[in-house]
Amino acid sequence: MFIVSAFIEVLLPVTVVVVCGYALRRRFELDLPSLNRLSMYVLGPALIFTTIVRIDVTGDEAVRIIAASVALCLGIGVVGLIVGALMRLDRSSLMALLLCVMFMNSGNYGLPTTRFAFGEAGFQRALLYFIAQTILAQTLAVPIASAGRGDLKSAVQQMFAMPQIYAVAAGLLARFSGIDLPHRGDALGSAFRGVALMADAALPLLLLLLGMQLANGTTVEDVRLTMVVAGLRLGVSPLMAYGLARALALDDLALRVVVLEASMPTAVNMVLYSLEFNARPRFVAGVVVVTTLMSLVTLTLLLSVLRR
């Protein structure tokens, strides 16, 4: 009963939007790169900025959630390195494995799922986790994907051109400067409400984009390695997250959110990094599809436990 209600109440709404995105992409020739840029450069930063300004989480708890996110990314990366060494993977395959296990879809998939599962309070904590993951992806994914190939200097320059880091900085500046943007009646307050309006569009578009990206279709390359990566991403990662959350003394809600976010499939944007630096992009794309489909089962089982 818990399993059925977990799927219906949390994952079914998410799945409906993803399927709509999939169907749209299959029916129409949509300009996916432009929609990605809209999400990456406008709606995503707006969501980050407005949530930091309005977030109702204590500073100490926020630091511990971010610490859990960082520690998990690095910890599962170490596990990936060990697994890669035991499997005697070549450099390109090892880098692809790390991209797939270290960086999870905590944005497109994780944020809406957490909101349905744990409400606004859970969503705010999930956004802290996501912000840390976003910065980690921008600072670590580039050198991992480019190890031994590609123009690293240009990639690093592009990394610092991404807006998410600046959205975090602006949000923190607004929050700690004492400017109460959400409740101001002047031009600043009106401007904030405009940014908040864009932020409200972020989550639906993220889910639609996930469906559109899945509709591109792909083949599973190297089934054995794909299953190993799926086991690390969907199985080992949440167990590690639980241990880290307990070690950091997170409260019950934050622990549940961290474990749920850590259970997400491989981040879709890792395909872009693997393409840019030729780190087995077909393999990475296959892992994204496989882990996303498998997550419908693994997340349903996990949510039936987390929501009791």
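We did not get these values from a lab; they are worked out from the coordinates using the rules stated. Please read these numbers as outputs of a predicted model, since none were measured by experiment. Positions of Cβ are backbone-derived with ideal geometry, glycine not excepted, and every protein chain shown enters the neighbour counts.
Points to keep in mind about this one:
- Spacing of the two label points (7 Å from each Cα toward its C-beta) at Leu24 and Leu188, in nm: 3.6 nm
- Mean ellipticity per residue at 222 nm, deg cm²/dmol - from DSSP H runs of n ≥ 4 across the chain, formula -39500 (n - 2.57): -23000 deg cm²/dmol
- Neighbour counting of Cβ atoms within 10 Å sorts the residues Arg115, Arg224, Arg184, fewest neighbours leading, into Arg224, Arg184, Arg115.
- Rough spin-label spacing in nm, given labels placed 7 Å along Cα→Cβ, for Tyr41 and Asp252: 4.6 nm
- Pairwise label distance in nanometres, Glu120 with Thr58, each label 7 Å out on the Cα-Cβ vector: 2.1 nm
- Computed lengthening from Tyr166 to Leu239, 0.36 nm per intervening residue step minus Cα-Cα distance: 23.1 nm
- Phi angles across region 209-217 convert, under the Karplus curve 6.51 cos²θ - 1.76 cosθ + 1.60 with θ = phi - 60°, into 3J(HN,Hα) values of 5, 4, x, 5, 5, 5, 6, 5, x Hz, Gly and Pro given as x.
- Evaluating 6.51 cos²θ - 1.76 cosθ + 1.60 at θ = phi - 60° for every residue in region 287-304, the Karplus couplings come out as 5, 4, 5, 5, 5, 5, 5, 5, 5, 4, 7, 5, 5, 4, 5, 5, 5, 5 Hz, glycine and proline recorded as x.
- Amide N of region 193-236 lying under 20 Å from the label point, which is placed 7 angstrom from the Cα of Ile3 along Cα→Cβ: 231, 234-236
- Relative to the longest principal axis of the Cα atoms of the chain, helix 237-247 runs at roughly 50 degrees.
- Using a Förster distance of 22 Å, the FRET efficiency for Asn216-Asp90 (Cβ separation, nearest 0.05): 0.25
- In this structure, the amide hydrogen of Met104, modeled 1.01 Å from its nitrogen in the peptide plane, lies closer than 5 angstrom to those of Ala267, counting only residues at least 5 positions away or on a different chain.
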